[in-house]
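Below is one structure, written out as structure tokens; the observations come after it.
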Amino acid sequence: MKTMIVREYNTVSLSDSYLLDLNAYPIKGCCGCWTCWWKTPGRCIHHDLDCFYHHYITAEKVTFYLTVSQGFISANLKTLFDRMIPLFLPYTNYGSGESMHDPRYERYPDIEIFYQDTFLNTTEKQIFEAYLQRTFYQFHSKTNSITGKMPEVRS
Amino acid sequence: MKTLILNGSPRADCGNTQLFIDHFQSGLTTPLPVRYLLREKPATLALAMNEYDTILLVMPLYIHAMPGLVMKLFEELKPQSGHHPKIGFIVQAGFIESATARYLENYLTALAYRLHFSYLGTVIKGDAAACSILPHFFFGRLFKQLKALGVAYEKTGSFDPLLVKKLGKPVCLSKYQVRLLESRLVNRLNQIGWNWILKRNGCFKNRYDQPFL
Ligand SMILES: Cc1cc2nc3c(=O)[nH]c(=O)nc-3n(C[C@H](O)[C@H](O)[C@H](O)COP(=O)(O)O)c2cc1C
């Protein structure tokens, strides 16, 4: 099974799995130009994620190891999500009862998420988990699990 | 009351967010200062925010939440001690129904609490993606409502709840709206806009490309 890892903590990596280490890789921001929909369908004007796009779209499963930042996902991960818009079509369908962009590819990977639980309260945690569920639903992926763990404290 | 408007769009003053700000400002007797997240370092802006007692952050919805650029600013903010400045948000989006911004609205409420800001609320307006593309008369009613929001803000220092409700409609699509939008005719009409742009850019035949397989 082809897999991929996107990580903000942990040192996991698998020899046959593509790794995107968000700590070492600041992603260029989406500039809202719509080139990826209007001029070069499916391709962003920035090329820093070309390798990621290929591995993401051909993986069967993507595992995320996330940190919590200001009670939400980090700015770098949010930037990655913004930059995933070329993986979908501009056309909108309403079949599910709400607006949703059509898929560009036949299939998208299943998602598994682990995160370091540093929330101030359960409301923040619910918002974070609901947001991730929703995002991957809109990305036409199935979220298999979202698991929070308290970070280990080293003495 | 000293208010700062922040524009959180990656398109800065060339996009729909700027139109929202302009029409809001047209309801004020004295325009408010505007700063752009795209043009300044998040740390600089975070510091500048301390000089104001109210912040209005206007932004587009990006993947059901704030653009990455806005999250960069949020990461720089520290909990307020002593006085509790106010913060309010105006979010405009492409999808018709405002419910898609609920995830962001919930987070913004929690963020204000986390940082000890006094929360003015979040105004959400969907179906706004074509504001800066189509002729302005298509959006006459929206622009009037934004101006009225500005008038009310200057008077009360808050968002008029009636206007917030109006701008947020529809919250969800009704069964009738879904049937209409899914109908062949409306579906074709919706695609015309995209296809016209794709044809004008000479890439209509590439519209279904899958470059990363
Ligand atoms: C990367 C990206 C992601 C977007 N995600 C959403 C979304 O999740 N929901 C939505 O309704 N609109 C979404 N939009 C549409 C924008 O919110 C809309 O076009 C907005 O008017 C852009 O404002 P601006 O011109 O000020 O940047 C997205 C646009 C971009 C570029």
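Tabulated results
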quantity: Bridge type composition, chain A - antiparallel percent by DSSP, nearest 5; calculated: 15
quantity: At R0 = 30 Å, FRET efficiency that the Cβ-Cβ distance of B:R200 and A:S96 yields, to 0.05; calculated: 0.45
quantity: Estimated distance in nm for a label pair at B:D53 and B:K166, the labels positioned 7 Å out from Cα along Cα-to-Cβ; calculated: 2.9
quantity: Peptide-level mean, for B:59-67, of C-beta atoms on other protein chains within 10 Å; calculated: 6
quantity: Rounded to 10°, Cα long-axis angle of helix B:184-200 versus longest principal axis of chain B; calculated: 80
quantity: Residue exposure sequence - A:T79, A:T135 - by fewest surrounding Cβ within 10 Å; calculated: A:T135, A:T79
quantity: Pairs of alpha carbons in chain B whose separation is greater than 28 Å (percent); calculated: 33
quantity: Mean separation of Cα contacts under 8 Å (6+ apart) over length of chain B, as relative contact order %; calculated: 21
quantity: Shielding by partners - mean other protein chain Cβ count within 10 Å, residues of A:32-42; calculated: 6
quantity: Among A:123-132, B:29-38, the order from most to least packed when residues are scored by Cβ within 10 Å on average; calculated: A:123-132, B:29-38
quantity: FRET efficiency for B:L180 and A:T123, using Cβ-Cβ distance with R0 set to 41 Å, rounded to 0.05; calculated: 0.65
quantity: Using a Förster distance of 41 Å, the FRET efficiency for A:A130-B:S26 (Cβ separation, nearest 0.05); calculated: 0.65
quantity: Using alpha-carbon coordinates, inclination of helix A:122-138 to the longest axis of chain A, degrees; calculated: 30
quantity: 10 Å Cβ neighbours from other chains, averaged over peptide B:182-189; calculated: 1
quantity: Computed lengthening from B:T156 to B:S118, 0.36 nm per intervening residue step minus Cα-Cα distance; calculated: 12.2 nm
quantity: Long-range lysine pairs (8 or more apart or interchain), chain A, Cα under 29 Å; calculated: 20
quantity: Mean separation of Cα contacts under 8 Å, 6 or more apart, over the residue count of chain A: relative contact order %; calculated: 23
quantity: Cα centre as origin, Lys/Arg/Asp/Glu Cβ charges: chain A dipole, Debye; calculated: 200
quantity: Amide H within-cut-off set for A:Y115, under 5 Å, with H built and near neighbours excluded; calculated: A:L66, A:T147, A:G148, A:K149
quantity: Residue among A:S15, B:P79, A:T143 farthest towards the positive dipole end of the protein assembly as shown, charges placed on Cβ; calculated: A:T143
quantity: Label point 7 Å beyond Cα of B:K78 along Cβ direction - residues of segment A:110-140 with amide nitrogen under 20 Å; calculated: A:120
quantity: Built amide H within the under 5 Å cut-off of B:H116, gap 5+; calculated: B:Q80
quantity: Distance histogram for the protein assembly as shown (every C-alpha pair counted, 10 angstrom bins, percent rounded to whole numbers); calculated: 5, 23, 33, 26, 12, 2, 0
quantity: Within the protein assembly as shown: Cβ-based charge dipole about Cα centre, in debye rounded to nearest 20 (Lys, Arg +1; Asp, Glu -1); calculated: 1040
quantity: Cα-based reach from B:K147 at 22 Å (exclusive), listing lysines while leaving out same-chain residues under 8 positions away; calculated: B:K2, B:K86, B:K125, B:K155, B:K165, B:K166, B:K169
quantity: Cα gyration tensor shape for segment B:1-74, rounded if a/c is under 1.5, else prolate or oblate; calculated: oblate
quantity: Amide N proximity, segment A:123-145 versus B:N190 label position 7 Å along Cα-to-Cβ, cut-off under 17 Å; calculated: A:138-140
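Just so you know, all these numbers are worked out from the coordinates, no wet-lab data involved. On a predicted model such as this, the values are computed, not experimentally measured, just so you know. Cβ: placed from backbone, ideal geometry, glycine included. Neighbour counts: every protein chain shown.
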